[in-house]
1. What accessible area per residue comes out for segment 567-747, rounded to a whole number of Å², with a 1.4 Å probe?
2. Relative to the longest principal axis of the C-alpha atoms of the chain, give the angle of the C-alpha long axis of helix 50-62, reported between 0 and 90° and rounded to the nearest 10°.
3. In percent, how large is the relative contact order of segment 3-88, given Cα pairs closer than 8 Å and 6 or more residues apart?
4. Please state the relative contact order of segment 184-280 as a whole percent: Cα pairs under 8 Å, 6+ residues apart?
5. List every residue whose amide H lies under 5 Å from the amide H of Val564, counting only residues 5 or more places away in sequence or on a different chain, with H placed 1.01 Å from N in the peptide plane.
6. As a test, work out the antiparallel percent of DSSP beta bridges whose residues both lie in the chain, rounded to the nearest 5.
7. Starting from the Cα of Cys422, move 7 Å in the Cα-to-Cβ direction to define the label point; list residues of segment 736-766 whose amide nitrogen is under 19 Å from there.
8. Return the FRET efficiency for the residue pair Lys81, Asp477: r is the Cβ-Cβ distance, R0 is 22 Å, and the value is rounded to the nearest 0.05.
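The values are calculated or read from the model by the stated rules, or taken from the named source; none is laboratory data. Everything numeric here is computed off the predicted structure, so don't read it as measured data. Using ideal geometry, Cβ is built from the backbone for each residue, glycine included, and neighbour counts are taken over all protein chains shown. In case anyone asks, the SASA skips ligands and DNA or RNA and just uses the protein heavy atoms, side chains included. Shrake-Rupley method; radii C 1.70, N 1.55, O 1.52, S 1.80 Å.
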Amino acid sequence: MIYTYKISIKGTVQGVGFRPFIYSVATLYDIVGSVSNGANGVEIYINTTKDILDKFIDYIKTNLPPLASIDSLDVEVVSNKKFDNFRIIKSTKDSTITALIPPDISICQECQKELFDSSNRRYLYPFITCTNCGVRYSIIEDLPYDRAKTSMKFFKMCEKCQAEYNNPLDRRYHAQPIGCWECGVSLSLWDRSEELRVTSKELIDKVVALLKQGNILAIKGVGGYHLVCDATNYEAVQKLRDRKHRPSKPFAVMVRDMDMARELAKINKKEEELLTSKERPIVLLQSVGVSVGSQVVHNSSQSDKSQITSPLAFKFDTSLAPNIAPDISKIGIFLPYTPLHLLILHALDKPLVATSANITDEPIATNFESIQKLNGVYDYLLDHNREIVNGCDDSVVMVVSNKPVVLRRARGYAPVAVKLPCKLDKKVLAMGANQKSTVAIGFENYAILSPHIGDLDGISSVEYYRQNIQTLQRIYDFKPQLIAYDKHPNYESTKVAKELIDEYDIPYSLSIQHHYAHILSVMAQEGLQSKVFGVAFDGTGYGDDGNLWGGEFMVCDNSSYERVAHLGYFKLLGGAKAIKEPRRVALSLLFDIYGKDAISLDNPTIKSFTPQELKTHYLMWQKGLNAPLSSSVGRLFDAVSSLVGEVQVMSYEGESGMRLEELYDDTIEGYYEFDIQDNTIDIHPMITKILQDDKRVAISKFFNTLVEMIDRVYTPYKELPLVVSGGVFQNAVLLKLVLDRFENVYIASSIPPNDGGIALGQIFGSVYLSKSG
Ligand SMILES: [Zn+2]
Ligand SMILES: [Zn+2]
């Protein structure tokens with residue numbers, strides 16, 4: 001018997017070559033019918049028998065296009081419809097507003113093969129792509145995802161490309177960014193003032209020659225420009241550091257392939273999977289051949305921050321210059337993810353420093369005007385003529401105890417929908433936090449998280465932040481009914497939230513405590529709706545009492561929370577300055593313990609100040625002037641790194657934690673005693689002991705003490721699942737200790753543990769209000 005079946009498929013099924021795939025399967029089974037994009041996915045109508053229907057569905061499920069995934073597939077028999085053939089029905093705006101945009105992903109195997117195949121018409125074409133790979137999010141202006149609504153609209157396809165584009169059985173059917181030497185995107189090479197005359201076919205060789213000579217190049221990629229140089233060339237790397245005013249923050253390195261990656265770092269199976277995944281993030285790895293710790297002299301005083309350990313003897317040609325990641329044994333490595341990167345890396349055959357091109361406090365450069373501002377940093381500019389509509393940085397991931405943890409969620413991952421365990425009754429816009437900012441929109445049971453936007457420290461960053469909100473609103477045709485934002489009154493994100501609430505007369509708004517949002521983000525990621533025991537170890541976030549929290553233990557669900565314990569408060573001498581100078585936090589703790597006598601102590605913290613500074617800071621501490629109270633574990637890390645003489649003034653965010661990680665020794669057992677009274681953890685006994693112990697012992701026991709604290713406070717709540725989050729859990733040593741100690745623990749993994757996860761937490765925290773309001 002032949003029936004008309006309606007098959008509804010939800011999931012990532014739009015903009016990923018799904019309809020032509022269905023077309024090809026229908027052709028295979030000689031089935032008539034139609035396929036179209038519906039409101040929430042793809043709708044298929046077919047006339048066939050039950051027997052063939054089963055085969056049809058089975059084939060679909062087992063042979064999905066590489067970028068597609070199915071959340072649900074429903075079949076029903078409907079009243080008879082007549083078809084003469086099988087047709088793909090064109091999409092309309094209405095039908096795609098809740099569709100999920102696929103992110104920008106790396107070049108696929110087939111395109112890579114064609115790229116290096118001299119008989120292929122796209123041989124060595126730097127922008128080769130197909131339905132299964134390449135740019136998406138970064139070129140989209142609006143939905144439906146059609147070439148006319150992307151920055152590819154300026155490129156008229158040649159006849160050959162057009163024929164591929166029109167053929168449902170071709171790998172390039174409706175692949176919006178396709179082109180070729182004849183009709184597609186093209187490169188141009190510039191010195192600081194004008195375009196150089198180089199033919200397109202000679203261009204890569206020229207670029208590689210410039211890199212080999214030690215030049216710094218700005219290269220336009222997928223979601224922005226990179227600054228690149230030969231990673232084995234000490235002078236080139238130093239020149240980049242000097243020009244970018246970036247004395248020691250580690251640089252990421254792009255390598256030709258896995259073989260080259262293995263020469264530079266120890267890589268386990270999970271890490272290899274990530275490096276070669278279609279997302280191709282930067283993966284933080286343990287470098288080989290570089291020993292940090294006892295064998296390398298640390299620059300412990302802040303005065304010689306820019307002094308870098310002298311070059312070591314090179315083992316391989318590919319050995320990294322030691323100033324890539326001074327004093328740090330971790331290295332961020334990624335593989336080429338576009339044909340352009342592949343061409344350069346294959347010809348260069350050396351690792352390449354590749355860091356996002358931006359001016360301090362500004363977002364990643366995405367156009368010719370913004371990259372021109374870095375004219376003094378690069379020597380040459382490799383540009384292309386496809387506009388980047390939506391900026392997107394590289395993603396960063398690490399693997400801890402075999403679990404991937406996304407530290408920066410951007411290219412390859414974003415925007416991606418997170419399925420919530422419950423439904424939102426209102427459309428929610430979540431504003432995120434101020435650092436490592438992201439925003440999110442929530443509707444029904446989906447949250448869509450923007451890529452990493454960055455720190456909202458300057459006017460143009462805030463402008464870029466607004467653009468990201470507008471992009472999500474435009475693409476998803478989204479008008480918020482509720483705006484959720486951080487409690488901090490001075491966050492730029494809070495200020496923008498209040499403006500939007502006024503400007504658009506948003507009926508509902510909700511401020512959500514920072515650390516509660518951190519825990520909520522993991523609950524959303526894991527689909528946890530019941531009560532949990534949350535541990536938020538973080539930098540600083542605005543607390544309900546107006547103090548700067550960050551060492552918080554809370555029992556919560558997605559409607560409310562109770563702060564059941566926290567670190568004892570200490571003063572941040574100089575407010576924001578204390579966040580950059582670990583020694584100020586350490587000094588404050590010393591004043592707490594020893595009063596004015598602290599000034600005459602003999603330790604690295606005290607030594608880092610002049611006698612006059614010590615007096616001034618004592619007054620500041622005594623009178624509580626410009627000295628906000630904090631319970632932050634992030635700041636406690638800073639204090640410890642100062643007390644042991646590792647870091648007094650940070651040259652980049654997170655430096656103290658990274659340096660302590662290097663010195664942790666897992667053979668050192670034991671922890672420091674601490675007291676808990678009135679829900680407050682007294683850290684003073686630990687601080688006095690740290691002053692007496694050897695550096696490695698002190699650091700190792702400090703880590704162990706933090707785990708012990710979690711255990712002690714958690715014990716009475718052991719029936720609840722343990723959730724840990726917050727920026728401090730970017731620390732791989734601490735995270736591993738927690739994963740080793742506790743069985744029933746949930747960590748941020750697909751969502752960053754840092755403030756990049758806050759927006760998702762805010763969405764999840766709005767579910768309750770969204771219902772009751
Ligand atoms: Zn491809
Ligand atoms: Zn063409």
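1. Ligands and nucleic acids excluded, the result is 40 Å² per residue.
2. Computed tilt is about 40 degrees.
3. Value for segment 3-88: 52 percent.
4. Working: 53 pairs, mean separation 11.4, N = 97.
After rounding, I find 12 percent.
5. Phe553, Met554, Val555
6. Numbers: 83 of 112 bridges.
That works out to approximately 75 percent antiparallel.
7. 759-766
8. It comes out at approximately 0.15.
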